[in-house]
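Worksheet: one structure, shown below.
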Amino acid sequence: LNQETGMGTATHAIIKVKDVPIMYVPYITYPIDGKRRTGLLWPSIAASDEGIDITQPIYLNIAPNWDATLSPRYIGDRGLATELEVRHLNKYSDWVVSSAHIDDKLYEDTRWILGVDEKGRFNSNWWHSIDYTSVSDNEFFNDLGKA
């Protein structure tokens with residue numbers, strides 16, 4: 001553990017759940033302080049009738065008030081999806097813009113979602129909010145729920 005850089009390093013690490021090894025990591029660095037850093041987040045892995053569903057989020061620390069998470073997602077029978085969330089903080093509001101896109105092999109069409117969520121205050125008496133979502137089709141959430 002390096003207190004100066006705020007980073008820890010592990011080699012030949014084994015991750016266990018209740019003493020059962022579930023993953024071997026030959027080399028990994030990780031933060032030990034509260035600073036934001038660009039890098040890989042923990043992947044999500046699931047299985048269903050449509051095959052394996054793997055998402056590997058990549059966190060991008062763009063600026064002190066901007067960040068993004070890009071998440072390539074592979075869904076067995078459906079194909080490769082791309083998910084993106086961008087966050088911006090300013091003195092008046094917090095913005096989150098999110099989207100996902102897939103050329104769905106099972107649905108045989110391009111599917112997408114776009115969302116904008118904004119909350120803010122001009123002063124103690126005036127606040128504002130935007131909550132907007134648009135989706136390509138009515139079955140998007142049923143088929144691709146976590147997007």
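Laboratory data are not the source of any read-out in this text; all were calculated from the coordinates shown. Quick caveat: nothing in here was measured; it's all calculated off a predicted structure. Here the Cβ is made from the backbone with ideal geometry for all residues, glycine too, and neighbour counts use every protein chain on show.
Observations
- Nearest-0.05 FRET efficiency for Ile58 and Asp131, computed from C-beta distance (R0 41 Å): 0.95
- Relative contact order of the stretch 1-143, pairs being alpha-carbon contacts under 8 Å that are 6 or more residues apart, as %: 11
- Kirkwood Rh and Cα Rg combined as Rg over Rh, evaluated for the stretch 1-79: 1.05
- Cut-off 11 Å, label 7 Å out along Cα→Cβ of Lys105, residues of the stretch 49-63 by amide N: 51-52
- Residue-wise HN-Hα couplings along the stretch 53-66, as the Karplus relation 6.51 cos²θ - 1.76 cosθ + 1.60 with θ = phi - 60° gives them from phi, are 10, 10, 10, 10, x, 10, 8, 10, 8, 7, 7, x, 10, 10 Hz; Gly and Pro carry x.
- Rounded to the nearest 20 debye, dipole of the chain from Cβ charges on Lys, Arg, Asp, Glu: 840
- Since only Val135, Val116, Met23 are under comparison, the one whose Cα sits farthest along the positive direction of the charge dipole of the chain, derived from C-beta charges on Lys, Arg, Asp and Glu, is Met23.
- Summary of the geometry: the stretch 17-60 and the stretch 79-133, compared by the centres of their Cα atoms, lie 23 Å apart.
- Volume per residue of the convex hull around the Cα atoms, evaluated for the stretch 20-119, comes out as 143 Å³.
- In the chain, helical runs assigned H by DSSP with n ≥ 4 each contribute -39500 (n - 2.57); averaged across all residues and rounded to the nearest 500, the mean residue ellipticity at 222 nm is -500 deg cm²/dmol.
- Our compactness index for the stretch 103-147, the C-alpha radius of gyration over the empirical 2.2 N^0.38 Å, is 1.70.
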